[in-house]
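The block underneath contains the structure these notes are about, expressed in C-alpha cells.
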Amino acid sequence: LGFLGPSLKPRRSIAIWFVSGLGRYVPTGLLLPMLRAAMAERDGAPGRISLASMAYEACLSSTAALIIGAYFVIDLPELSSSPGRFLVLIVPVAALVLMHPRFFHTVADKVLIRLGREPLPVSLSAGRVLLVVTLYAATYVVAGLGLYALAQSIYPVGAGDLMIVIGAFSVGTALSLIAFALPGGLLAREAGIALALSPVMPAAPAIAIAVLSRIVQLGLELLGAMIAPVAARRANGSGR
C-alpha cells in the first residue's frame, strides 16, 4: 500500500491486516477487502488504492506460491528423470509477466473505470514487483519450515524430505487461492498439503498435519486480531 502512495502507521497497518484478515472465513471472502478498504480509508488511504493494493497482494502472493510450488514439482523424486518437469516453470514466469506494470496497470484502470472510479495514480514498478514477490516467497519458505517442525510432532519426516514439506505448504496455499469462493480456502488448502505430503508419508498423518496447520494458523490469526488493535491504540496514545 505504501508503494502505491498512502502511508499508514506500521502498528495501525498490522491491526488492519489482522482484523480484516478474519473476513476471509466468511463465504466468498468478500468481507476481507470490504473491511480492509473501510478500515484503511479511516486512516486516509483512498478506497480504490486499498483495493488495488489487495489485488496486488493476491496476485503477488499467488505468484510466489507458484514459484515455490514449481520448485516442489521439479524436486519430486518420481519426476527426477523427466525433462518435462521443467515445463511447470512456465506458470510462475507467465504470472510475473502479467504483473508487469504495462499489463497490470492497464487492466486495473479498465476495471476501475467500469466501476465508475478514477484510474490508479501509480502502479508498482517491475523492480518492486520482483522485490515483493521475493519477500512473499521468503514468507512461504518460513511457513514451510513451520510445517516441517509441526510434521515432526506427528510423523518422523527425514531431513532429506525438507524441500518437499516446505513446498507442500505453497502447493496448498496456491490451491486455496484458486478456490477463493471457499471461506479462507478451507479444505482446498488442507487437501493440497495432504496430497503434496503423500510422497513422504501415509495419508493419515498427512491429513492430520494439514488440519493441524490450519488450526495453528487460525489460532495465530485470532491472537493477532486481539493484540494488534490494542498495540496500535497504545502507540497512537503515546504519539508514536
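The values are calculated or read from the model by the stated rules, or taken from the named source; none is laboratory data. The shown structure was predicted, so the numbers you read here are calculated from the model rather than taken from an experiment. Cβ: placed from backbone, ideal geometry, glycine included. Neighbour counts: every protein chain shown. Areas reflect the complete protein model, heavy atoms only, side chains present, ligands, DNA and RNA absent. Shrake-Rupley method; radii C 1.70, N 1.55, O 1.52, S 1.80 Å.
Summary of computed values
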quantity	calculated
Accessible surface, segment 45-167, averaged per residue in Å² (probe 1.4 Å)	54 Å²
Residue-span extension gain [Leu115 to Ser153] - 0.36 nm each, minus C-alpha spacing	8.7 nm
Cα gyration tensor of segment 113-240 - equivalent ellipsoid semi-axes, whole Å, descending	32, 21, 16
Length-normalised contact order for the chain - Cα pairs under 8 Å, 6+ apart - percent	25 percent
Integer Hz, Karplus 6.51/-1.76/1.60 couplings in order for segment 113-120, x for Gly and Pro	5, 5, 8, x, 10, 6, x, 5
Accessible surface of segment 116-197, 1.4 Å probe, proportion on carbon and sulfur as whole %	75 percent
Unit charges at the beta carbon, dipole of segment 115-239: most positive-side option, Val129, Ala159, Leu177	Val129
Ala94 paired with Phe3, simple spin-label distance in nm, labels 7 Å along Cα-to-beta-carbon	2.3 nm
Dipole moment magnitude, nearest 20 debye, segment 25-123 about Cα centre, only Lys, Arg, Asp, Glu C-beta charged	300 debye
P(r) tail fraction, the chain - alpha-carbon pairs more than 23 Å apart, %	55 percent
Charge sum, other residues only, whose C-beta stays under 14 Å from Arg214's C-beta, Lys/Arg counted +1 and Asp/Glu -1	0
Distance from segment 74-127 to segment 135-181 (C-alpha centre basis), Å	22 Å
Hz values of 3J(HN,Hα) by residue in segment 199-209 - Karplus curve (6.51, -1.76, 1.60), Gly and Pro given as x	x, 10, 6, x, 5, 4, x, 5, 5, 4, 5
